[in-house]
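Notes follow the structure.
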Amino acid sequence: MELKDKLIKLRKEKRLSQIEVAEALNVSRQAISRWETGAAAPSTEKLIELSRLYGVSLDELVNGVEPGDESAAGSSVQPRARRRRLLIALALALAILAAVTGVYMLWRGERDEIATDFEDLPKITVDLDSMEAVPWVEE
Amino acid sequence: MGGRMKRAFSLLLSLYLIMSLTVPAAASPKATARVDVTVRPDSIVRIGAGLSLETGELVTVNCAYSPRIAEVDFGLVSANNEFGYFSGNDGICSETIRISKTGIYYFAIRNNSEEPVGVTGYVYY
């Protein structure tokens, strides 16, 4: 429900006229009319006064949230919290991936630095076919 | 989503992408092979099947042997029967060989001692 509709509903529930509300808030009747038609919006200060006059919370007046209506509030908060948790999880996963990649790069860089070209190694000629062959150890 | 979180997320994503792009796929180790063998005195053994290696690829040997005073060589045998090797030192061999020519290579261990030598470790290629 929009603010203008809420203002009309609450005023009627309190059985107040626009003039009575205007006097209570120290504004003109036209101002009340403009708020209730949506032509203008009350200031924060006046909204607080309206909420006191109508006996509702400011949140209820502005957002239309009924007191104790946690499902309405939760429905907007929970997905946000879930999204936040998801983002944190994603960020952590990326950080771990980046760390693993970084460690691998360091290891690879180290390998690159100390590597010796096969051509530069001391060599002997061997007979590959007559060599004893041993398999790799199965993990 | 908070602006700070967005920035952190973007930074992490960028970091990861940059790192991914700077690691050439060809240089990644294809496999790790485990070695656990006893090499007879004055003999040379080749371990496992031939490794198909390309120019620039690295083969890292991390092995320990016993007795530590034994004279042991670790290396690769190329397709033209050349055994290029490193000598172990004090019971350890930790070396990396860069392949100069694409081909099939065999990892091999030579025991120059007069007693059997037990070798365990890993070869990353």
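Of the residues making up the range B:80-125, those that are basic (Lys, Arg) and loosely packed, with under 14 Cβ neighbours inside 10 Å number 0.
Only residues that are farther than 23 Å from A:Trp107 by Cβ and of a type in the set (Val, Ile, Thr) were counted across the range B:30-61, and they come to 5.
B:Ala64 passes every criterion in (1) more than 25 Å from A:Leu106 (Cβ to Cβ); (2) at pLDDT 95 or above apart from (1).
The values are calculated or read from the model by the stated rules, or taken from the named source; none is laboratory data. It should be emphasised that the depicted structure is a prediction, and the values quoted were computed from it without experimental measurement. Every residue, glycine among them, receives a Cβ derived from its backbone with ideal geometry; neighbour counts consider all protein chains shown.
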